[in-house]
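J.: Please see the structure below; I have some questions.
The values are calculated or read from the model by the stated rules, or taken from the named source; none is laboratory data. Everything numeric here is computed off the predicted structure, so don't read it as measured data. Backbone-built Cβ (ideal geometry, glycine too); neighbour counts: all protein chains shown.
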Number of protein chains: 2
Amino acid sequence: MNAQVTPFETKLLASARQTGTLLMELLSAEPRPQEITRPARLLDAMRHGALNGGKRLRPFLVVESAALFGGDSAAALRVGCALECLHSYSLVHDDLPAMDDDDLRRGQPTVHIAYDEATAILAGDSLLTYAFDIIADPETDLTDRAKTELVLALSRAAGIGGMAGGQAFDLAAEKQAPDEAGIITLQAMKTGALIRFACEAGTIIAGAPAADRDRMRRFGEIVGRAFQLADDLLDLTSDAATLGKAAGKDAARGKGTLVALKGQAWAEEELDRLVGEATALIAVYGDKAQTLTEAARFVANRKS
Amino acid sequence: MNAQVTPFETKLLASARQTGTLLMELLSAEPRPQEITRPARLLDAMRHGALNGGKRLRPFLVVESAALFGGDSAAALRVGCALECLHSYSLVHDDLPAMDDDDLRRGQPTVHIAYDEATAILAGDSLLTYAFDIIADPETDLTDRAKTELVLALSRAAGIGGMAGGQAFDLAAEKQAPDEAGIITLQAMKTGALIRFACEAGTIIAGAPAADRDRMRRFGEIVGRAFQLADDLLDLTSDAATLGKAAGKDAARGKGTLVALKGQAWAEEELDRLVGEATALIAVYGDKAQTLTEAARFVANRKS
C-alpha cells in the first residue's frame, strides 16, 4: 500500500464509508413493510457478500455523476447501494464451484466457503432482488419516472443482454478462445455494462437532458473498458497478496484477454488513450467534471 | 387426465396459451434497446426454464384480479409474464444440485441437466432480472406509479423477506424440523408470497383503492395457503407419473409439512375451510368475482 493518499483517494474512501454504512443499515435484521421476516443466516450471508471492504467504485460513480448534474445526493447514495448489491450478487455467484470456483475474495473466504453453496446461491439471488427493492423503496426520494428508468436501465445492464450474458460468454471462452471482437463484446457486457449504468444513473437521478445521458453512457463505456484492461494487466503483473485473490488465473484458464492478444505495451498505451478519450468527453462540463476525470485516471492506474 | 374439462379449466388453458405466446416473444433472440446481445445458449436455457408447459396459475391470477377492477388486460398479461419469469427462476435454482437436486421438472430434464450447472445459475439470474425489466419496459402500458409499486411489491415478495427467505428456511428444515408456527411462516414465504403478489398485482395495475388492495392481498394469502396444503397432500398421495416429478420427496427428506403434522383428514377439512374463507372475502364483488372464486377452488382440488 502507498504511504501517500491523494485527495481523490481520500474522497473515494469517504464515499466508500458512506456506502458501507448505508448498506449495513439496509441489511439490518428488521423486516421492511410487506416482508414477513428476514432469516438470520441468509441475511448474514448477504452481509458477508456485500460488506467486504470493496472500493465501492460503482456507487462513487453514481454519486459523482449525479452531483455533476445537480441530482439529490441522498437518493444517489441509495441508488449506489442498490448497484453495489447487484454487483455483490454477481461476485457471490461468480465465485461458486460451478462457475469460477474461487475460495477467496478480497482476502476473505467467499460466501459458499464461509456458509454453504445453497446459501450462497440464495444470498446472491436475494442481493439481486434487493437492488430493485432499494430503487423502488419510498425512502428513495426520486420521481416514479426516474425510478422506472433506473429499474429498466439496471435490469438491461445486468441481465442476459448485459452482465449475466457476458458471464455466459466468459464460460464459453474457457472452451474456445474468442477473437478480438468477441473479447470486446464479452467485456463490454461482463464488466462494462454495470460501470456504464453507474455513470448513466446520475443523469437519470438528476433528470438531465438526453444529450447528457448519452454522453455519460459513452463516458461509462470508456471507463468500463479502461477498468477491464487495468484488471487484465493486474492479473498478469500482480501477486495474490496485492490482489486479495488468486493471480494469473485468466492465463491459467486460457481465457483470452486483450492484453494476452496484443501485449502489455499496447495495453498500457490503450489505457492512456482511453483516459484521454474519457476526459475529452466530459471536458464540456469544465471544472465540475474534475472528480470524474480523476476517477477515470484512477480506474486505469489502480494497483489492486 | 380427466376426460371432462370444465369451463374454468378451458379459461385457464386459454390464458396459459396467451402467457406462453408472450413469454416466447419476450424471450426472442432480438436484443432490446440498451442490451448488447443475447447469448444463444443462455437464452435457450432461459426458455427451457420458462416455456415448460406449466399451468401459468400466477399470471392467470394477475390477469383475473386486474379484470375484476377494470385494469388493462394487455398490461396485466405482461405483468403476469414478469411474475412467471420470476417463478421460473425460483424453480431453476431450487432444482440445482446444491439445493433440491432434482433431475426432472414437469417430466422434462431440469435446466442444469439439459445444459450445465453454471448455465442454470445464470439462466435463473437472468430470468429474475428480466422480471423487473418487463415491468419497467415502456411497452408495459402502466403509469410510472403503478410500475414502481409493482417493482417494490414483487421484490419484497421474492427477496429475503419473501420467497428466497422461505427457501432458506426450507433448507434449514431438512436439518431440524420446524414446529407448526415455523412451517406456516416458511410456507407463507416460500410459496405464499408470490401467489399473494399475483392477486395484489391486479389492484395495482387497475389503480384500485387501498381497501381493495388489502382485501386482495388477504385473498392471495389464503389461496397461497390452500395451494401449499394441496401440494403437500399431492406429494403424499400422488405418484410420479401424475406429478411429473418425484413424489413422496418431502417425507423422504423428513421435511415437516402440516399434512405430516396434523394428518390427511385435517388437511382436507382445512382446504375446504380456506376455500370458504377466500370465497367469503371476495363475495363483496358479486358475480364479477366468480372466476377468482373458481380459481380458489381449483387450487385446492387440483390433482397435479
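J.: Restricting the search to segment B:19-43, which residues are in contact (Cβ under 8 Å) with a residue 24 or more places away in the chain, crowded, with 18+ Cβ neighbours inside 10 Å and assigned to a helix (DSSP H, G or I)?
T.: Residues satisfying the conditions are B:Thr19, B:Gly20, B:Leu22, B:Leu23, B:Leu26, B:Leu42.
J.: If I ask for residues that are in contact (Cβ under 8 Å) with a residue 60 or more places away in the chain and of a type in the set (S, T, N, Q), which ones from segment B:59-83 would you list?
T.: B:Ser65
J.: Which one of B:Glu25, B:Glu35, B:Glu64 is closer than 26 Å to B:Arg217 by Cα and either within 14 Å of chain A (Cβ to nearest Cβ) or of a type outside the set (Ser, Thr, Tyr) (or both)?
T.: Only one candidate passes the filter, namely B:Glu64.
J.: Has segment B:155-171 got any residue that is assigned to a helix (DSSP H, G or I), among the charged types (D, E, K, R) and more than 7 Å from chain A (Cβ to nearest Cβ)?
T.: Yes, that holds for at least one residue.
J.: Across segment B:85-117, what is the total count of residues that are touching a Lys or Arg at 6+ places or on another chain (Cβ under 6 Å) and closer than 30 Å to B:Thr148 by Cα?
T.: Selection size over segment B:85-117: 1.
J.: For segment B:89-124, which positions are touching a residue at least 40 places away in the same chain (Cβ under 8 Å) and away from chain A (no Cβ under 13 Å)?
T.: B:Asp102, B:Leu104, B:Arg105, B:Arg106, B:Gly107, B:Gln108, B:Ala114
Here is a yes/no grid of residues against (1) touching a Gly at 6+ places or on another chain (Cβ under 9 Å); (2) surrounded by 20 or more Cβ atoms within 10 Å (Cβ to Cβ); (3) assigned to a helix (DSSP H, G or I):
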| site | (1), (2), (3) |
| --- | --- |
| A:Pro178 | yes, no, no |
| A:Gln187 | yes, yes, yes |
| A:Lys190 | yes, yes, yes |
| A:Ala193 | yes, yes, yes |
| A:Ala201 | yes, yes, yes |
| A:Ala208 | yes, yes, no |
| A:Asp214 | no, no, yes |
| A:Arg218 | no, no, yes |
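J.: Moving on to the next point. Can you tell me which condition B:Val5 does not meet? The list is (1) part of a helix (DSSP H, G or I); (2) under 26 Å from B:Arg297 (Cβ atoms); (3) without any contact (Cβ under 8 Å) to a residue 40 or more places away in the chain; (4) of a type outside the set (Gly, Ala, Ser), and all the others hold.
T.: The failed condition is (1).
J.: Quick check on my filter: what residues within segment B:125-134 are at the interface with another protein chain (Cβ under 7 Å from one of its Cβ atoms) and more than 25 Å from A:Glu117 (Cβ to Cβ)?
T.: B:Phe132, B:Asp133
J.: Tell me which residues, restricted to segment B:282-303, are farther than 16 Å from B:Arg225 by Cα and polar (S, T, N, Q).
T.: B:Gln290, B:Thr291
J.: How many residues does segment A:77-108 contain that are surrounded by fewer than 24 Cβ atoms within 10 Å (Cβ to Cβ) and aliphatic (A, V, I, L, M)?
T.: 6
J.: Sticking with this structure for a sec: Of B:Gly254, B:Gly286, which residue is on the phi > 0 side of the Ramachandran plot and modelled with pLDDT under 95?
T.: B:Gly254
J.: Another question, then. Within the bounds of segment B:200-212, is there any residue that is under 21 Å from B:Asn301 (Cα atoms) and either within 12 Å of chain A (Cβ to nearest Cβ) or out of contact with any Phe, Trp or Tyr (no Cβ under 7 Å at 6 or more places or on another chain) (or both)?
T.: Within segment B:200-212, none of the residues are under 21 Å from B:Asn301 (Cα atoms) and either within 12 Å of chain A (Cβ to nearest Cβ) or out of contact with any Phe, Trp or Tyr (no Cβ under 7 Å at 6 or more places or on another chain) (or both).
J.: Right, here's the next one. Among the residues of segment A:172-190, write down those that are of a type in the set (Val, Ile, Thr) and away from every other protein chain (no Cβ under 12 Å).
T.: Hit for segment A:172-190 is A:Ile183, nothing else.
J.: Additional query: Only residues that are in a helix (DSSP H, G or I) and either more than 7 Å from chain A (Cβ to nearest Cβ) or among the aliphatic types (A, V, I, L, M) (or both): list them for segment B:135-154, please.
T.: Listed by number, the residues that qualify are B:Ile135, B:Ala136, B:Ala146, B:Glu149, B:Leu150, B:Val151, B:Leu152, B:Ala153, B:Leu154.
J.: Moving to a separate point now. Looking at the structure I just gave you, is A:Ile222 touching a residue at least 60 places away in the same chain (Cβ under 8 Å), more than 10 Å from chain B (Cβ to nearest Cβ) and not small (Gly, Ala, Ser)?
T.: yes
J.: Does at least one position in segment A:193-200 carry a residue that is over 21 Å from B:Ala146 (Cα atoms) and of a type in the set (Gly, Ala, Ser)?
T.: For segment A:193-200, residues over 21 Å from B:Ala146 (Cα atoms) and of a type in the set (Gly, Ala, Ser): present.
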